[in-house]
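Everything below concerns the one structure shown next.
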Amino acid sequence: MSKKILLINDMPSLGKVALNAMIPILSYRGHEVFALPSCLISNTLDYGKYNIEDTTDYMINCLKTYQALNFNFDCLCTGFIINERQVEIIKNIKKENPNLLLIVDPIMADDGKLYNSMSQKNILYFKELCKIADVIIPNYTESLLLTDQTIKSIKCNANEIKKIINNLHTI
């Protein structure tokens, strides 16, 4: 069944990630997709040098327009979030639409470390979103950061995974 999905994630000029990946896949699957960029990025962060343009004000204005047009969504998927105002925007959307499925991908880290431009503040932002999410899809590194665990290795066994999952339920 086709769903109306609001995507809040970054839009990189270069790279097959974030909105560049989500839009075509979900559209191909028959969903009506609304892309609301949290920021514009010159390229993926792994190049070391990049430019990030904050689009929070644009997000607010788009949401006002969506509301005026009576757009409703079945699902909200979040990815790269760059500030506390964006967290509040997402929390307000969920509060105003309690039946909305909220999926949070806490895009902030991999391979045992935070991405370039990410800080402890980003971990706190994603903890806030995970508290209200229906589904969270962190990778291993993000799971450890969200649950305040020390990253000792980028590999783990089944028992460690079970412990991490249980810890994620307590965020």
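The values are calculated or read from the model by the stated rules, or taken from the named source; none is laboratory data. Owing to the predicted nature of the structure, the values given are computational and were not obtained by experimental measurement. Cβ sites come from the backbone with ideal geometry, for glycine too, and all protein chains shown count toward neighbours. Ligands, DNA and RNA are stripped out before the accessible areas are found, and what is left, the full protein with its side chains, is counted by its heavy atoms. Shrake-Rupley method; radii C 1.70, N 1.55, O 1.52, S 1.80 Å.
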Within the stretch 147-171, the count of residues that are of a type outside the set (Val, Ile, Thr) and more than 19 Å from Gln120 (Cα to Cα) comes to 11
Condition met for Ile137 (surrounded by 12 or more Cβ atoms within 10 Å (Cβ to Cβ), at pLDDT 95 or above and of a type in the set (A, V, I, L, M)): yes
Test: residue in the stretch 76-98 that is of a type in the set (Asp, Glu) and surrounded by 15 or more Cβ atoms within 10 Å (Cβ to Cβ): no
Check the stretch 109-116 and report whether any residue there is open to solvent by 30 Å² or more (accessible area, probe 1.4 Å), assigned to a strand (DSSP E or B) and of a type in the set (Lys, Arg). yes
Return the residues of the stretch 140-171 that are surrounded by 18 or more Cβ atoms within 10 Å (Cβ to Cβ), in contact with a strand residue (DSSP E or B) (Cβ under 7 Å, 6 or more places away or on another chain) and within 25 Å of Ile89 (Cβ to Cβ); say none if nothing qualifies. Glu142, Leu145
So, in the stretch 19-36, of the ones that are part of a helix (DSSP H, G or I) and within 10 Å of Asn9 (Cα to Cα), which residue ends up least open to solvent (accessible area, probe 1.4 Å)? Leu19
Residues located in the stretch 5-33, provided they are in contact (Cβ under 8 Å) with a residue 60 or more places away in the chain and more than 24 Å from Asp46 (Cβ to Cβ): Ile5, Leu6
Consider Gly15 carefully, then state whether it is under 21 Å from Pro138 (Cβ atoms), open to solvent by less than 70 Å² (accessible area, probe 1.4 Å) and in a loop (DSSP other than H, G, I, E, B). yes
Could you give every pair whose Cβ atoms fall below 8 Å, whose first residue belongs to the stretch 93-121 and is farther than 20 Å from Cys39 by Cα and touching a residue at least 40 places away in the same chain (Cβ under 8 Å), and whose second residue is open to solvent by 60 Å² or more (accessible area, probe 1.4 Å) and of a type in the set (A, V, I, L, M, F, W, C), counting only separations of at least 6 or pairs across chains? Asp111/Ile154; Gly112/Ile154
